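Only one structure is covered here, and it is reproduced in the block below.
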Ligand SMILES: Nc1ncnc2c1ncn2[C@@H]1O[C@H](COP(=O)(O)OP(=O)(O)OP(=O)(O)O)[C@@H](O)[C@H]1O
Ligand SMILES: [Mg+2]
């Protein structure tokens, strides 16, 4: 195995069972992601993009196939072990921001660290630092409802970054933003990738958004139908 592989997935399949019916959301996906990659996952609605992201993010497990993260097979781990890996290695950004309401930007950002053994003063400092990375100095004590959509997504990115993950996952991160604000959010991702060498995987429908990616995969019916790399 190439030591540079951050992610290696082999023949991944995910079948959802709903009552008597089975939905084959992923069907034999194999792919590798290297440290420092910026990968865009594209494809029509229902093609399996979020399903794949959930497995990569250790929120879900494949029905069949293998998933190695930093060389460790995670497809067989139990829920607790997956949660630990998730908390240590992976940051998430969602389309709908998923922030706590009536809670400050600082507290939202600090949240992932409250499960760690890091002393409170240090978690505060780290949260301030993450918020400054996304350009939110001066907004730290604003509550979620006192921030614009773009600012809320910046808080979500700061929260995803605060425990220095090796992998940042974003599912339609600009889906709820106007074009200009979306472009600003994409600039943040691009900088994080180029300057901090953070590996980023993002799901998008938008060809403009996927322009920043140097690798792309296109899904259809749970399969990779096209791969592109620069
Ligand atoms: N929890 C679930 N239970 C049953 N079926 C599911 C579940 N989640 C997704 N599916 C089905 O699996 C398929 C892939 O869904 P998925 O959410 O991965 O698509 P997607 O590419 O992210 O679509 P979108 O662009 O609309 O977000 C769809 O047919 C969907 O109906
Ligand atoms: Mg989706």
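Scanning region 47-63 for residues that are part of a helix (DSSP H, G or I), in contact with a strand residue (DSSP E or B) (Cβ under 7 Å, 6 or more places away or on another chain) and either closer than 12 Å to residue 86 by Cα or away from ligand 2 (no atom under 13 Å from the Cβ) (or both) yields a total of 2.
Checked against (1) within 9 Å of ligand 1 (Cβ to nearest atom); (2) free of Cβ contacts under 8 Å to residues at least 12 places away in the same chain, residue 51 meets all criteria but (2). For residue 130, are the conditions met, namely being free of Cβ contacts under 8 Å to residues at least 60 places away in the same chain and buried (at least 24 other Cβ atoms within 10 Å of the Cβ)? So residue 130 fits the description; yes. Surrounded by 13 or more Cβ atoms within 10 Å (Cβ to Cβ), at pLDDT 95 or above and in contact with a strand residue (DSSP E or B) (Cβ under 7 Å, 6 or more places away or on another chain), is that true of residue 105? Spelling it out, it is not the case that residue 105 is surrounded by 13 or more Cβ atoms within 10 Å (Cβ to Cβ), at pLDDT 95 or above and in contact with a strand residue (DSSP E or B) (Cβ under 7 Å, 6 or more places away or on another chain).
Considering region 81-120, the residues that are assigned to a loop (DSSP other than H, G, I, E, B) and free of Cβ contacts under 8 Å to residues at least 12 places away in the same chain include one that is nearest to residue 60 (Cα to Cα), namely 117. If you go through region 159-175 and keep only what is more than 13 Å from ligand 1 (Cβ to nearest atom) and surrounded by fewer than 21 Cβ atoms within 10 Å (Cβ to Cβ), you end up with 163, 164, 165, 166.
The set of residues in region 189-213 being surrounded by 16 or more Cβ atoms within 10 Å (Cβ to Cβ), more than 14 Å from the chain's Cα centre (by Cα) and within 16 Å of residue 95 (Cβ to Cβ) consists of 209, 210.
The values are calculated or read from the model by the stated rules, or taken from the named source; none is laboratory data. Given the structure is predicted, the values throughout are model-derived calculations rather than measurements. Here Cβ is always computed from backbone atoms with ideal geometry, including for glycine, and neighbour counts include all displayed protein chains.
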